[in-house]
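The structure under discussion appears below in the form of structure tokens.
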Amino acid sequence: MSSTVQLHGEGLVSEQLAQIANGPETRVEMSPAARGRMKESRDYIERRIAAGEVMYGVNTGFGAFSSVRISDSQIEELQRNLIRSHSSGIGEPFSKRQTRAMMGLRANTLARGHSGVRPEVVDKILEFLNKDIIPVIPSQGSVGASGDLAPLSHLALGLMGEGEVWDENGKEVAAKTYLKSKGVEPLVLKAKEGLSLINGCQVMTAVGILAALDAKRLLKIADIAGAMSLEGLRGSRRAYHPLIAPTRPHPGEAKTAKNMMKVLGDTSEIADSHANCGRVQDSYSLRCIPAVHGAAKDALGYIWKVLETEANSSTDNPLVFAQDNEVLSCGNFHGEPVAMAMDFAGMAFSVIASISECRIAKLINPAFSELPAFLAPDGGLNSGHMIVQVAAASLVSENKVLAHPACVDSIPTSTDKEDHVSMGTIAARKFEKILRNAEQVLTMELLSAAQALDLLAPLKPSKGVEVAFKAIRDSVPFAKEDRVFAHDLRDLYREVVASNRLVDVVEKSVGELEW
């Protein structure tokens, strides 16, 4: 079903950006008010150029060349040279979906009217989006200083009809040839427009927003997986009692405890079977789920705010304030706000994966689970989930390396003119990788928890856990003997986790879960 997202330069939310990212079925337009602001800003810049004023990035060189005056006859060449020289990215390209999100953000920030570029620049970005002509952007090469200079230059290069774009079959093709085949004219850059296309943090922000949307889903899955493991380990619900959270009023803790009780309900046949077992307390990975999962929820709330603020910000340099008769050099392009948020996100979801692996380790250990070792019905002949847990431990350890913050690093660039940089795009890329690893660890926990519940049959779990269990069993059967568990994990991830089916069926049964 087709829809339309209108860009105003403000008020763009993550869900709208995801619509833009998902494909040309969503048409993207610029609002009349934004068009008016852009025209006013551009008219002001052109009056100052005509008056012979010298303005950084308009008729000067860039960075360390800011003191070099460029003649009016060379202004368009200056902008083309900027984009060509700055298109120095390397590595595997960003996905087409991520690049569409970058283009949407770039158009939105220009639509704010503080860059002094023509409305035609945004029109060209939107034409590319609506016709699904997407530049190929290498993922490495940005230090997040004057924004994402290298990757955004590859974006601008495509708009100019140079570099490469993706064709309908997902192959990299020459932009010049592809634009001609689609009847699309390349963008001819005027004064300041090359600089305005590449100043800003739209690459790190786009990667971050798309990952954060998946992270919201994953927090719900973490609570469901935790509830399944609690039942599989015959743990106590008392740590989630509603009297507890108000004594330590972090919002995420209360949300998590509430989620756990929704999925677990008041009782189950499994819970009834060990009501008088004499166990006083469960392991931290069960008892502390509200504190740990809740902290990640609170972290994501902060991260969400930072990313949506950045999505609706002016990140150019210089900034144009036509009504105030000012063109001001500034540092709004610096990626530090996003960089810190992305590092925080990486740490938060490393923790989610870590506590999930702890629960897997308990499920396979008969000293804790009182179930067959490694959840293998015929242990020895069968190894069961032995290496499922090892694979989870591997991903958790990898995340520990990836979670080292990128934002604490800096390296001087541009002959020390840009002497402090954010490394924000590295932080965003690391967060996405950590998130994917966490998704896989939680998939492993779901597989092991379901195996444990089968081993406890005929005792039944709570209603919410049973619904989740059945969704898993619709995808992968009980393992009576060893098989290639990589296939189980692949199918479970695709059909139940990534598809959001698990969350959908559980919420349909017990009500909406909070993140």
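Which of the chymotrypsin sites (Phe, Trp or Tyr not before Pro) across the stretch 463-494 are loop residues per DSSP, with 16 or fewer other Cβ within 10 Å?
On the way: sites: F469, F478, F485, Y493; in loops: F478.
Taking the stretch 463-494 and a limit of 16 other Cβ atoms within 10 Å, the loop chymotrypsin sites (Phe, Trp or Tyr not before Pro) found are F478.
In sequence order, the stretch 161-176 has phi-based couplings of x, 10, x, 10, 10, 8, 8, 4, 9, x, 9, 7, 9, 5, 4, 4 Hz under the Karplus curve 6.51 cos²θ - 1.76 cosθ + 1.60, θ = phi - 60°, and Gly or Pro positions carry x. Distance between the C-alpha centres of the stretch 165-238 and the stretch 115-144: 14 Å, rounded to the whole angstrom. Exposed loop sites were defined as GluC sites (Glu not before Pro) in DSSP loop states (anything but H, G, I, E or B) carrying at most 13 other C-beta atoms within 10 Å; in the chain the longest segment without such a site runs 169-369. Taking a sphere under 13 Å around the Cβ of E168 and counting the other residues whose Cβ falls inside, with K and R at +1 and D and E at -1, yields a net charge of +1.
With a cut-off of 17 Å on the backbone N, the residues of the stretch 258-301 near the modelled label site 7 Å out from R248 along Cα-Cβ are 258-261, 281-299. With contacts taken as Cα pairs under 8 Å and at least 6 residues apart, the chain reaches a relative contact order of 17 percent. Here the ratio of the Cα radius of gyration of the stretch 3-199 to 2.2 N^0.38 Å is 0.99. 3J(HN,Hα) along the stretch 486-503, derived from phi through the Karplus expression 6.51 cos²θ - 1.76 cosθ + 1.60 where θ = phi - 60°, amounts to 4, 5, 4, 5, 4, 5, 5, 5, 5, 8, 10, 8, 5, 6, 6, 4, 4, 5 Hz, with x in place of Gly and Pro. Note on the chain: with charges restricted to the Cβ of Lys and Arg (+1) and Asp and Glu (-1), its dipole about the Cα centre is near 480 debye. Close amide H contacts of M30 (hydrogens built in the peptide plane, cut-off under 5 Å, sequence separation of 5 or more or a different chain): L7. Annotation: amide H of M160 within the under-5 Å range of L187, sequence separation 5 or more or interchain, hydrogens built in the peptide plane.
Quickly estimate the mean residue ellipticity at 222 nm for the chain, helices only: each DSSP H run with n ≥ 4 gives -39500 (n - 2.57), and the total goes over all residues, rounded to 500. It would help to have the intermediate numbers written out before the result.
On the way: 20 runs with 283 residues, N = 515.
Per the formula, -18000 deg cm²/dmol.
In a DSSP loop and with at most 15 other Cβ atoms within 10 Å, the trypsin sites (Lys or Arg not before Pro) in the stretch 408-466 are K417. Only lysine pairs 8 or more places apart, or on different chains, with alpha-carbon atoms under 25 angstrom apart are counted in the stretch 3-199, and they number 27. Taking amide H as placed 1.01 Å from N in the peptide plane, the amide H of G200 sits under 5 Å from that of G147, D148, each at least 5 places away or on another chain.
Here each label is just a point 7 Å from Cα along the line to Cβ, and for R436 and R490 those points are 1.6 nm apart.
Label zone of R238 (point 7 Å out along Cα→Cβ, amide N under 17 Å): in the stretch 456-493 this covers no residue at all.
Read the figures in this text as sums done on the coordinates, not as results from a lab. Being a predicted model, the structure only gives us computed values, none of them experimental. Because the Cβ atoms are built from the backbone with ideal geometry, glycine has one as well, and the counts that use them run over all protein chains shown.
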